[in-house]
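Presented below is the structure to which this report refers.
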Amino acid sequence: MTLLAGRRRVDLAVRLLASLTALMLIATVVLIGLNAGHLDAGRIFFSSAAAVAVLAYAAIGSLIARRLPGNAIGWLLCLVGMLVVGSLFTEQYALMGLATRPGSLPEVKHIGALSGGLAIFAIILLIILVLVFPDGRLVSRRWRPVLWGTYVALAGGAAQQLQSGTTISGGLTNALQGAGVSYSEPLGVFPRHGWFGDVLAVIAVLSIASVVLTIASVFVRRRRGSAEVRQQLAWLAYIGALTVIWFVALAVVGLVLGSGDCWLGTLTWGLMILTPVVGIPIACAVSVLKYDGKGFDQTTTKMGSGVQGISDRLAALGGTVEIASAPGAGTRVTGRIPAIGR
């Protein structure tokens, strides 16, 4: 009965996230069509591709969350999809109310101000996803400070959106800037300079350190992992390499054409963002669903004779065996034997 109730709660949560994402996506597509006159080719392409990516996040995230509810990857994918479409929707909402049909919508500036923050949150959740890929767990407890650093980055991203004098230019595509209707943050709770600027600088350093360490964790996981884990991580490597290529291309475009707003720069920026945004859910679908061990409840399942035999043999050598498992999250068996000096 408890297992059945848990399954129902999982299905309800998945359906709720998927429904919210679908409703915002439909509204976003309609707004993009209405705002097409104020969007260049690069932004239309990016927004359309991002809408497709949202579908991938919602579909793949829901599938993983249902099949492996104990794996954080599925839930992170669902949340990223909802945040991406939320950023697109609030950006297009503000564009409609400020450029396409000025004054036609209520609270345009307050809603538009959310677009940048939602985009930042989505990117930070993607960093967390990489940190716990592919089994939804950290490499070890020693990596917890890196996870805490991403939480600090989340808080900093939220606070920065409330800083006085912050220019609201849009979300992932900076559509408001392209249409010439950027505006200053309407709330402006925190000061532009002084102590708050110093706090944001510290948070920025912690965020950069968290990103660097997250990348390092992938190499550590690969070195410690089995051939199967290495194959799973290879998909992330392909995505990372392609993202770096687009980053270099964006730098070249900036040097050649300048830092102004141009369609080629916007297109390259969009491809650089879309590569991880679209590639990560595909990597998750291939890697996580291919190795979807069912797992078991360790509190109710007794250790069999085979596992007991392995434990006894390792103990005789001064070693240990650890079993980590949960329903829907697979099983990990780790054996350790102390090295013997020569």
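The values are calculated or read from the model by the stated rules, or taken from the named source; none is laboratory data. It should be emphasised that the depicted structure is a prediction, and the values quoted were computed from it without experimental measurement. Cβ coordinates were reconstructed from backbone atoms using ideal geometry, including for glycine residues, and neighbour counts include every protein chain displayed.
Summary of computed values
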quantity	calculated
Neighbours by Cβ (under 9 Å, 6+ apart or cross-chain): first from the range 58-80, closer than 14 Å to ARG7 by Cβ; second among the aromatic types (Phe, Trp, Tyr) and assigned to a helix (DSSP H, G or I)	ALA65/TRP75; PRO69/TRP75
Filtered residues of the range 148-207 (kept if assigned to a loop (DSSP other than H, G, I, E, B), over 27 Å from LEU271 (Cα atoms) and β-branched (Val, Ile, Thr))	VAL189
Residue identified as under 21 Å from the mean Cα position of the chain (by Cα), surrounded by fewer than 19 Cβ atoms within 10 Å (Cβ to Cβ), within 30 Å of VAL333 (Cβ to Cβ) and small (Gly, Ala, Ser) among GLY240, GLY225	GLY240
Tabulated pairs, the range 180-207, first touching a residue at least 60 places away in the same chain (Cβ under 8 Å), second surrounded by 12 or more Cβ atoms within 10 Å (Cβ to Cβ) and part of a loop (DSSP other than H, G, I, E, B), C-beta under 8 angstrom, 6+ apart or interchain	GLU185/ALA113; GLU185/GLN161; GLU185/LEU162; GLU185/SER164; GLU185/THR166; PRO186/ALA113; LEU187/ALA113; LEU187/LEU162
Meets criteria (assigned by TED's automatic domain parsing to the domain that holds LEU125, out of contact with any Gly (no Cβ under 7 Å at 6 or more places or on another chain), in a helix (DSSP H, G or I) and among the hydroxyl-bearing types (Ser, Thr, Tyr)) for THR90	no
Condition met for LEU34 (touching a residue at least 40 places away in the same chain (Cβ under 8 Å), over 16 Å from GLY270 (Cβ atoms) and in contact with a strand residue (DSSP E or B) (Cβ under 8 Å, 6 or more places away or on another chain))	no
Pair list, Cβ under 6 Å, 6 or more apart: the range 132-159 residue closer than 23 Å to GLY74 by Cα, other residue modelled with pLDDT under 85	PRO134/GLN232; PRO134/SER287; PRO134/VAL288
